Structures are given as structure tokens and as C-alpha cells.
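Engineer: Below you will find the structure I want to go over with you.
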Amino acid sequence: METRYADVLKEWRAGKFRPVYLFVGEDVAAQTEAADLLKACLKPDSFNLAEFSGDIAVQTPAILSEALTLPVFSDRRLVVVNAPSLPAAAKAALVAYLKEPCASTTLALFSDERKVDPRDALVKAAAAAGAVCLFRALKEEDAAARLQAEAQKSGKRLTPDAAEALIAEAGTDWNILRQELEKAVLFSSGSAEVTAEHVAACLGYQKSADPFAMSRLIQARTLKPCLTHLRRFLLDGKPDDQAFRALAQINTSIQKQFRAKRLLQAGRSEAEIFSALRLHSYWDKDYLAGLKRVSAARLRSDMRACLDAEVSLKSRSWLSPAQEIERLVVELCAPKNA
């Protein structure tokens, strides 16, 4: 049902365009870039380009009228509907249109759904008439590389721990990350590098959601503070999106503990472990002392619990992500013999 974006891109560059493209996924920045590239490849003039946003329910008749209009002195016209959450009536009207779309119109639609739902009527209609492209959220390592490349454009070097701090604060949404990086770059004026200290000073630790709090609280296995912070964290954005961000932070922090435990067992020095895991000499000064209270068996069990939670959330759409992450936190902080 999905079409690879790389394949769609090849078609565009060859001058081939389908009647509809539905861009789905969490990476809104990638969706926007795809729409901009579609415009660049199709090259519609002002007579053959119509863009809609805002109250789509009111604009639906105009959208359909534009889509059914023949191009003016051109082979094709482009209609862009920038509304990630379409009202039911508008969605139904678009589904009806896509049963017999105008062959000379390319319609670009957007959805902020995390994955392609084959049961969704618009998804089915768009897949049948054109293409559905999924833009998954950036992985942390990809986001870090992109941040460092963006910093270089400003003549700065973004240190790895600074990139990690930005991602911990903002998640992997590129639009947000780019804004946070711009602030850090400005704050680091006079320095060739943007460091974690610059990020911390720029973002401020008086914020309700300290970007490192979740990791530290989970590593300490302190239940009440963990739940208090998690509930506050969930209120800082869409609860479902925040829940997945919290899961990523929790999983990463436990995996890091497990790696540190194995390095300790291998006889590595504190300096070697701090370097290998990019720990901070000040913020993580008690890291290894706390690690000694958690066994390797317990860490393996905790990693398995994180994996089970992720699989459940991705395979069972009826589950509440926020509730599942709270349940996971309770499990991770519960006393165990292992």
C-alpha cells in the first residue's frame, strides 16, 4: 500500500506525476520538503497552483473545484491541501473525488498519523489513485548527524553531547530541533563550538521538563519522582507523541546502563567508560556509583520490558501510549531480586 518516496522522487525527476500523493508520518519537515520538491519538479505557474490550509471544512468545495479545473496553457496543475487532520466530511469528499480523479491534476495531501492505516478510506483511495508515502520519525542517530551538518552551515561544530542534549529536549522533530539549534548557535557566539554547556544555558534548567530528568530518574529507579516527571512531560505536547519520546529516552538510558555494566565487568576504567558512553564529568559524576546497585540480569530484564512495550504500542493501536508508558515505569522501578 505504501510507495517508497525514493521511487516517487525518480518519477518526478523523469517528469511523471500521479493524480494524488498522500504524505503520512511524524516527520513533518520531510513532508514539507517533499511538497516543495514536488512543486520544483512540476513547476506550476500561478494559474496552475492552488494551496489550501486553515479551515478545510469550509474550503472543501473550492478544493474540489480546483482539482477538477483543467490546467491553463500547461499539461498539469497542482493542488496542495496542507491539513494534517482532515474533517470527516472533507475526507469523505476527497475519497469520492479520488474514485475518478482529474487526470491532469496532481493533488498533494498530508496526514500526521504515525503509520499508514490500510483501513482508512482516504489511504485506500489515495493508494489506488496515486501514491501513499510514509515519512517515519528521524532516528536519534540520524537527527544528531543532521544537527551537526546544520551547525556546520553556521560555521560551528556541534559537539556530540550537545546534539544528544538537544535531542533529549526536543525529540527528533526536525522543525523543533532546528529552532533549538538556532538558539544554541546564537548563544555560543564567540565560540567555534556549540557545547552541551551552551545548550543547557540556552534552554534553561528551570523548565518543567528537564531534558535529562527522565533518564536520571529511571536509572535511579525512583518510582514517585519518575511518575511525577512523566506526567508533567506528557503535558508538554501531544500525549501520544510525548509517550513515544519518553519510551525512547527510557530505553536509551537503560541500554546505556547495560553497556556501562559490561564495560565495568571487562575491567575498563572510569575514564574509558565515560569516553565510550559520552558521559559528562559533572552531570554524570555519580553514574557508576548508582550503576553498582543494578545487576546485569536486571538490566537485561528491563531492556526486554522496553522492547515489549514498544512492540505492543506499534501493533495494538487501541492501547493508550501514555498509560502503557506509566505501566512500564512502574515495572522498571519495582524492586526485584535480580
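Bear in mind these aren't lab numbers, they're just calculated from the coordinates by the rules spelled out. Bear in mind the structure is a predicted one, so any value in this text is a computation, not a measurement. Reconstructed Cβ throughout: ideal geometry from the backbone, glycine too, with neighbour counts over all protein chains shown.
Engineer: Viscosity 0.890 mPa s, temperature 25 °C: Stokes-Einstein D of the chain from its Kirkwood Cα radius, in µm² per second? Write down the numbers at each step before the final one.
Structural biologist: Numbers: Rh = 22.6 Å.
The estimated diffusion coefficient comes to 109 µm²/s.
Engineer: Using packing as a proxy for protection, rank 229-240, 133-144 so that the peptide with the highest average count of other Cβ atoms within 10 Å comes first.
Structural biologist: On the way: 229-240: 16.2, 133-144: 17.9.
Result, highest mean Cβ count within 10 Å first: 133-144, 229-240.
Engineer: I would also like to ask the following. Could you tell me whether the stretch 1-53 comes out rounded, prolate or oblate from its Cα gyration tensor? Rule is a ≥ b ≥ c as square roots of the eigenvalues, rounded for a/c under 1.5, then prolate if a/b exceeds b/c, otherwise oblate.
Structural biologist: On the way: a/c = 1.82, a/b = 1.20, b/c = 1.51.
Oblate.
Engineer: Excluding residue 116 itself, calculate the net charge of residues whose Cβ lies under 13 Å from the Cβ of residue 116, where each Lys or Arg counts +1 and each Asp or Glu counts -1.
Structural biologist: Charge balance near residue 116 sits at +1.
Engineer: Follow-up. Rounded if a/c is under 1.5, else prolate if a/b beats b/c, else oblate: with a ≥ b ≥ c from the C-alpha gyration tensor eigenvalues square-rooted, which is the stretch 216-338?
Structural biologist: Because a/c hits 1.5 or more and a/b exceeds b/c, the stretch 216-338 counts as prolate.
Engineer: Per the helix-only calculation at 222 nm, which mean residue ellipticity applies to the chain, given -39500 (n - 2.57) for every DSSP H run of n ≥ 4 and division by its residues, nearest 500 deg cm²/dmol? Intermediate results must be reported in sequence, preceding the final value.
Structural biologist: Values: 16 runs with 198 residues, N = 338.
Estimated from H runs of four or more residues: -18500 deg cm²/dmol.
Engineer: Quick one: grab the alpha carbon gyration tensor of the stretch 37-83, order the square roots of its eigenvalues as a ≥ b ≥ c, and give me rounded if a/c is under 1.5, else prolate or oblate depending on whether a/b is larger than b/c.
Structural biologist: oblate
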